[in-house]
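Below is one structure, written out as structure tokens; the observations come after it.
The values are calculated or read from the model by the stated rules, or taken from the named source; none is laboratory data. Model, not experiment: these values are computed from the prediction. Methodologically, a virtual Cβ is constructed for each residue, glycine included, from the backbone with ideal geometry; neighbour enumeration extends over all protein chains shown. We work out accessible area using only protein heavy atoms, side chains counted, and drop any ligands, DNA or RNA first. Shrake-Rupley method; radii C 1.70, N 1.55, O 1.52, S 1.80 Å.
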Amino acid sequence: CAIAVDVDVNAVGPVRCVAKLEQLKAARATVLGRTIAVEIAHYVALIRLNRPEALNALNAQLLTELADAMKAADKNDKVRCIVLTGSEKAFAAGADIGEMSGKSFVEMFESDYFTPETDTICNVRKPVIAAVAGYALGGGCELAMMCDFIIAADNAKFGQPEINLGVVAGIGGTQRLTRFVGKSKAMDMHLTGRFMDAEEAERSGLVSRVVPAKKLIEEAMTAAQKIAGKSAIATKVVKEAVNRSYETTLREGILFERRVFHALFSTEDQKEGMSAFLEKREAQFRDR
Ligand code: DAK
């Protein structure tokens, strides 16, 4: 089912300030898929996973719809930041065990199970925040880690319990969790299958902050709107540069950072941002 996310919310030009929640609700436009819902307002796309009957377990349909929605949001001029969330009970309780259980090696290998969808999600160039409440397990934890940062509700529970099913994480969990929390804790999580609560997740560097569950969306939208007000060129460059720290050596990463820093001096937004600071006024970024 098509996920069209081009919705006019009567906002012109980059976001200058954080909109109030009431304004956000008033301007909200919703597009529903069968397993996700997309709302766009004030330059933020809020994508909700919506398979409550299976705690948002990731099946082929959900991941296809999610990848389509992410791609559309990445292309949409009215979106400058994306928030990905689930329900209060579950961000996502993992890949859909029912869908996977009977598959053979050949079926998994030939379909390259979930690779095109997760590649699409990881290739989004706009900033993506995961707003996680409840369970983020297995593929759910891995999906949250594919986002640029995670804001957790105080009821969030993270885990890689694939070991209990006789398998191993398959969409980045052994690699990303280890980079987030270090080898010892990652081994503990993957080998025992235990869950980590929000407080431990924040302490370990898996999430950037923990907020009360009732305020999760408000906090994530406020952060997203703040990002939406920055230069879109600079936010994409930040994303590429920080991701380099995972994907290459320190030496190469620092060289990449230096080069993109130099390159930003060719933009009007750099001149505007620095002039605005010196003139003690708010910057008016134009994404040029
Ligand atoms: N898949 C399918 N259905 C699930 C599910 C899942 N992962 N998790 C929950 N559900 C369903 C339950 O079956 C139940 O359905 P009904 O029985 O009502 O029809 C419904 O959601 C509510 O769940 P519970 O009744 O179990 O709810 P509780 O509150 O009692 O327990 C729970 C919540 C999250 C602790 C429990 O549901 C649970 O342990 N769920 C499974 C968690 C898990 O093992 N997750 C890891 C799955 S494996 C790969 C790509 C991806 C992956 C691997 C490879 N490749 C590309 C190579 C990823 C693998 C995984 O994620």
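Mind checking which of 227, 44, 184 is farthest towards the positive end of the chain's charge dipole, using Cβ charges of +1 (Lys, Arg) and -1 (Asp, Glu) about the Cα centre?
Selected residue: 227.
Give the residue from 172, 265, 128 lying farthest towards the positive end of the charge dipole for the chain; charges sit on Cβ (+1 for Lys and Arg, -1 for Asp and Glu) and the dipole is referred to the Cα centre.
265
With the crude spin-label approximation of a point 7 Å out along Cα→Cβ, what separation in nm comes out for residue 279 versus residue 88?
Between residue 279 and residue 88, the simple spin-label model gives 4.7 nm.
With charges only on Cβ, +1 for K and R and -1 for D and E, what is the dipole size of the chain about its Cα centre, in debye, rounded to 20? Walk me through the numbers before you get to the answer.
Numbers: 38 positive and 38 negative charges, 200 e Å.
In total the dipole reaches around 960 debye.
Treating cross-link reach as a plain straight distance, find the lysines whose alpha-carbon is under 24 Å from the alpha-carbon of residue 126, omitting any fewer than eight places away in the same chain.
The qualifying lysines are 20, 25, 71, 75, 78, 215, 226, 230, 236, 239, 271.
Could you pull out every residue, at least 5 positions away or on a different chain, whose amide H is within less than 5 Å of the one on residue 196? Hs are placed 1.01 Å off N in the peptide plane, and Pro or chain starts have none.
158, 159
Using label points projected 7 Å from each Cα along Cα→Cβ, tell me how many nm separate residue 260 and residue 50, to one decimal.
Reported label-point gap for residue 260 and residue 50 is 3.3 nm.
Taking the chain as a Gaussian network, Cα atoms linked when under 10 Å apart, which of 238, 207, 106 shows the biggest mean-square fluctuation?
The residue that fluctuates most here is 106.
How much of the DSSP bridge set in the chain is antiparallel, in percent, rounded to the nearest 5? Mind showing how you got there, number by number?
Values: 13 of 35 bridges.
Rounded to the nearest five, the antiparallel share is 35 percent.
Under 10 Å, Cα contacts only: if you run a Gaussian network model on the chain, which one of 251, 51, 34 comes out with the highest mean-square fluctuation?
Of the options given, 251 has the highest mean-square fluctuation.
What accessible area per residue, rounded to a whole number of Å², is obtained for the range 40-186 using a probe radius of 1.4 Å?
Values: 5890 Å² over 147 residues.
About 40 Å² of surface per residue is accessible.
Report ³J(HN,Hα) in whole Hz for each residue of the range 41-46, in order, from the Karplus equation J = 6.51 cos²θ - 1.76 cosθ + 1.60 where θ = phi - 60°; Gly and Pro get x.
7, 6, 6, 10, 9, 9
Mind ranking 147-156, 129-138 by how tightly packed they are, going by the mean number of other C-beta atoms within 10 angstrom, highest first? Let's see the in-between values first.
Details: 147-156: 22.5, 129-138: 26.7.
Top of the packing list down: 129-138, 147-156.
Calculate log10 I(q)/I(0) of the range 169-288 for q = 0.19 Å⁻¹, where I(q) comes from the Debye formula with a single equal point scatterer on each Cα and nothing for solvent.
-1.13
Mind ranking 54-63, 255-264, 86-95, 158-167 by how tightly packed they are, going by the mean number of other C-beta atoms within 10 angstrom, highest first? Before the final figure, lay out the partial values.
Working: 54-63: 21.8, 255-264: 13.4, 86-95: 23.8, 158-167: 17.8.
Packing order, densest peptide first, comes out as 86-95, 54-63, 158-167, 255-264.
Per DSSP helix of 4 or more residues, -39500 (n - 2.57); summed, then divided by the residues of the chain. What does that give at 222 nm, rounded to the nearest 500?
Result for the chain: -13000 deg cm²/dmol, rounded to the nearest 500.
Apply the Karplus parameterisation 6.51 cos²θ - 1.76 cosθ + 1.60, with θ equal to phi minus 60°, to every residue of the range 79-92 and state each ³J(HN,Hα) to the nearest whole Hz, in sequence, with x for glycine and proline.
10, 10, 7, 10, 10, 10, 9, x, 10, 5, 8, 8, 5, 6
Can you tell which of 271, 126, 239 shows the greatest fluctuation in a Gaussian network model of the chain with Cα springs below 10 Å?
For the chain, modelled as a Gaussian network with Cα springs under 10 Å, the answer is 271.
If you roll a 1.4 angstrom probe over the protein chains with everything in place, what fraction of the accessible area of the chain belongs to carbon and sulfur, to the nearest %?
On the way: 8170 of 14790 Å².
Exposed carbon and sulfur together represent 55 percent of the surface.
Using θ = phi - 60° and the Karplus curve 6.51 cos²θ - 1.76 cosθ + 1.60, what whole-Hz ³J(HN,Hα) does each residue of the range 231-248 get, with Gly and Pro shown as x?
Listing the rounded values in order: 5, 5, 5, 5, 5, 5, 5, 4, 4, 4, 5, 5, 5, 4, 5, 8, 9, 8 Hz.
Quick one: order 214, 185 from most to least accessible surface, probe 1.4 Å. Before the final figure, lay out the partial values.
Working: 214 165, 185 55 Å².
Sorted descending by solvent-accessible area, the residues read 214, 185.
What number does the range 111-237 give for Rg over Rh if you use C-alpha atoms and the Kirkwood radius? Display every interim value, and only then the final one.
On the way: Rg = 14.9 Å, Rh = 15.2 Å.
Using only Cα positions, Rg/Rh for the range 111-237 is 0.98.
Would you mind checking which residues have amide H under 5 Å from residue 209's amide H? H placed 1.01 Å from N; only 5 or more apart, or other chain.
152
So for the chain, what percent of the C-alpha to C-alpha distances run longer than 26 Å?
Values: 18856 of 41328 pairs.
Beyond 26 Å sits 46 percent of the P(r) for the chain.
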